[in-house]
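Following: one structure in structure tokens, then a few remarks.
The values are calculated or read from the model by the stated rules, or taken from the named source; none is laboratory data. This is a predicted model, so every value here is computed, not measured. Surface accessibility is based on the protein's heavy atoms, side chains included, excluding ligands, DNA and RNA. Shrake-Rupley method; radii C 1.70, N 1.55, O 1.52, S 1.80 Å.
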Amino acid sequence: MDNQDRAHEPARLQIEDDLYGLDPDFVRAVEDALEQGDAATATALTAPLHYSDAADLLDRLSAEDRVRLVEVLRADFEPEILTELDESVRDQVIEALGFADLATAISELDSDDAVWLVSQLDEDERNRVLDALSSEDRAIVAQGLSYPEYSAGRMMQRELVAVPAYWTVGETIDYLRASTTIPEEFYDLYVVDPRHRPIGKIGLAKLVRSKRPQRLREIMDDESITVPVAADREEVAFLFRQHDLVSAPVADGAGRLVGVITIDDVVDVIDEEAADDMLRLAGVPDTDLYRAVKDTVRARIPWLLLNMCTAILASSVIGLFEATLEKIVALAVLMPIVAGLGGNAGTQTLAVAVRGLATKELDSDNALRVIGKEVLVGCINGMVLGCIIGPIAWAWFDMPLIGAVIGAAVVFNLLVAGLMGSLIPLTLEKFNVDPAIASSIFLTMCTDSLGFFAFLGLATLLLL
């Protein structure tokens, strides 16, 4: 099969090579068609793409080719593409679409996606898009935007199926067949009382297996979980994970059913929160793969400046022992070992602690036990590594005491790493600060400063 034939198979899954990624030959074929102004070929190539693959393609293209592809796709542009794009790429695509087409795309989205997309716009763009929407769509989006940013109200979908408890299975099935307002896809039906408060739910599979004369109250699950509209999205994700939910109703302050959260949105939240924690631990506030250089520099430099300040603190500790270093140069050679082991051990503990806090496996009830365990692990690891590096340093510099000094310093620093790696995120969590944001910087400061102090302090006492 030649490249041209392969290029016309964009939906083909590259299981052996790319593991479901877009075929590079296909991407190059699209780029060639766009650069040559061959709209017909570009349309033929991209028309079969799933919207997430189309978004992936737009992410990969240059800024010029993105604009060209938007023009190619404009007539049949799938609104869901906008929800899958990288933030900086999405801004370029929205600019290329224009507000009239953007408003049309938003009106075709599910309500939860529409609210999310409008929330990503700046205030001026948001107002212009809202003005372009129909009064009904504008009211739905405005209501969604009135809820806190990371709440269940922002996540929920307004399209749902609510039915009274006195209906029979047959009446409900007939209603579902005849209605033009029910969602295209749904998992559960929600049974409500006369005040529109959820009192139970029925899975679609259970409904179609039940006999037509049965009343819904007889087959509904009356112990279903209802999510408060103001609940944090991480709490919602925890709830879904803990109870293996596929969907859950959302109720307002008066207990009325106002929306539904489905598993696909929860998967996105779990993925975003995991990625966010990973990036924050590295001192990167957001993914910037497609950002301009100046924006990337602006986002990263504050954390590097803070890290520089903590590094100066560690250097000042070294400066206290300048005379010792001048007399025993071997200490300067061995110092990075102490700091490196402490930093890596602390990062291991930190990753476990931050993850435990995120999944609610670590809290105030078991904090002391977890801290004690990590300190013990750090002490044992320190003794193992100290017993290895001590004889190496002794043989390296032919100084028995320097082996004892670095061995003891490694034990101490790994103990500190275990203590601080678990204590720092717990402390930040206590003060309502995201542990993923600043934990790594404070941890490095502790392991470097205290590690250097222990190593050089012991060397001053024992070797001079």
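Give the shape of segment 411-454 as rounded, prolate or oblate, defined through the alpha-carbon gyration tensor: a ≥ b ≥ c are the square roots of its eigenvalues, a/c under 1.5 means rounded, and otherwise the shape is prolate if a/b is larger than b/c and oblate if not. Could the numbers behind the result be given before it?
Working: a/c = 3.29, a/b = 2.11, b/c = 1.56.
It is prolate, given that a/c is not under 1.5 and a/b is the larger ratio.
Quick one: length gained pulling Asn366 to Ala205 fully straight, 0.36 nm per residue minus the C-alpha distance? Let's see the in-between values first.
On the way: separation 161, 0.36 × 161 = 57.96 nm, distance 4.07 nm.
My answer for the length gained is 53.9 nm.
Find the relative contact order for the chain and round it to a whole percent, using C-alpha pairs within less than 8 Å whose residues are 6+ positions apart.
Details: 621 pairs, mean separation 46.5, N = 464.
RCO, the chain: 10 percent.
Once phi is turned into ³J(HN,Hα) by the Karplus curve 6.51 cos²θ - 1.76 cosθ + 1.60 with θ = phi - 60°, what whole-Hz value does each residue of segment 378-390 show in order, with x for glycine and proline?
x, 5, 5, 4, x, 5, 4, 5, x, 5, 8, 6, x
Measure off, as a whole percent, the carbon and sulfur share of the 1.4 Å-probe accessible area of segment 144-183, all protein chains present.
Values: 990 of 1850 Å².
Here carbon and sulfur together make up 54 percent of the probe-accessible area.
When the accessible area of segment 291-392 is split by element with a 1.4 Å probe, what percent falls to carbon and sulfur?
Details: 4120 of 6010 Å².
The value for segment 291-392 is 69 percent carbon and sulfur by accessible area.
For Val192, what residues show an amide H to amide H distance below 5 Å, using hydrogens built from the backbone and excluding near sequence neighbours?
Close amide H contacts, sequence-distant or interchain: Val163, Ala165, Ile199.
D for segment 160-206, whole µm²/s, Stokes-Einstein with Kirkwood Rh over alpha-carbon pairs at 4 °C and 1.567 mPa s: what number?
118
Using amide H atoms built 1.01 Å from N in the peptide plane, name the residues 5+ places from Ala231, or on other chains, whose amide H lies under 5 Å from its own.
Ala152, Gly153
Give me the number: length gained by fully extending Thr43 to Ile301, i.e. 0.36 nm times residue separation minus the C-alpha to C-alpha distance, one decimal in nm.
Details: separation 258, 0.36 × 258 = 92.88 nm, distance 4.19 nm.
That works out to 88.7 nm of additional length.
Ignoring ligands, DNA and RNA, what accessible area per residue does segment 199-256 give at 1.4 Å, in Å²?
On the way: 3340 Å² over 58 residues.
Computed with neighbouring chains in place, this is 58 Å² per residue.
How much solvent-accessible surface does Ile173 expose, in Å² to the nearest 10, with a 1.4 Å probe and all protein chains in place?
Probe radius 1.4 Å; accessible area of Ile173 about 30 Å².
Given H placed on each backbone N at 1.01 Å, which residues far from Val250 in sequence or on other chains put an amide H within less than 5 Å of it?
Close amide H contacts, sequence-distant or interchain: Val227, Val258, Gly259, Val260, Ile261.
Give the share of C-alpha pairs in each 5 angstrom bin for segment 202-361, from 0 to the last occupied bin, in whole percents, shortest bins first.
For segment 202-361, the pair-distance distribution reads 1, 6, 10, 11, 11, 11, 10, 8, 7, 5, 5, 4, 3, 2, 2, 1, 1, 0, 0.
Give the percent of DSSP beta bridges with both residues in the chain that are antiparallel, rounded to the nearest 5. Please report the intermediate quantities before stating the final value.
Values: 14 of 19 bridges.
Rounded to the nearest five, the antiparallel share is 75 percent.
For segment 303-351, rounded, prolate or oblate, judged on the Cα gyration tensor with a ≥ b ≥ c (square roots of eigenvalues), a/c < 1.5 rounded, else prolate if a/b > b/c?
Numbers: a/c = 3.45, a/b = 1.46, b/c = 2.36.
Taking the square roots of the gyration eigenvalues as a ≥ b ≥ c, segment 303-351 is oblate.
Determine one quarter of the surface area of the Cα convex hull of segment 136-263, which equals its mean projected area, and express it in nm² to one decimal. All intermediate terms of the calculation are to be shown ahead of the outcome.
Values: hull surface 31.5 nm².
Mean projected area of the Cα convex hull: 7.9 nm².
Please report the carbon-and-sulfur percent of the accessible area for segment 63-132; probe 1.4 Å, protein heavy atoms only, DNA, RNA and ligands left out. Each step should come with its number before you reach the end.
Numbers: 1250 of 3240 Å².
The nonpolar share, carbon plus sulfur, comes to 39 percent.
State the dimensionless ratio Rg/Rh of segment 306-464 (Rg: radius of gyration of Cα atoms; Rh: Kirkwood radius).
On the way: Rg = 16.4 Å, Rh = 16.0 Å.
Ratio of gyration radius to Kirkwood radius for segment 306-464: 1.03.
In vacuum, with every alpha carbon of the chain counted as one equal point scatterer, what does the Debye formula give for log10 I(q)/I(0) at q = 0.06 Å⁻¹? Two decimals, please.
With one equal scatterer per Cα and no solvent, log10 I(q)/I(0) is -0.43.
How big is segment 91-142 along each principal axis, measuring the range of its Cα positions in Å and listing the largest first?
Sorted largest first, the three principal extents are 26, 19, 17 Å.
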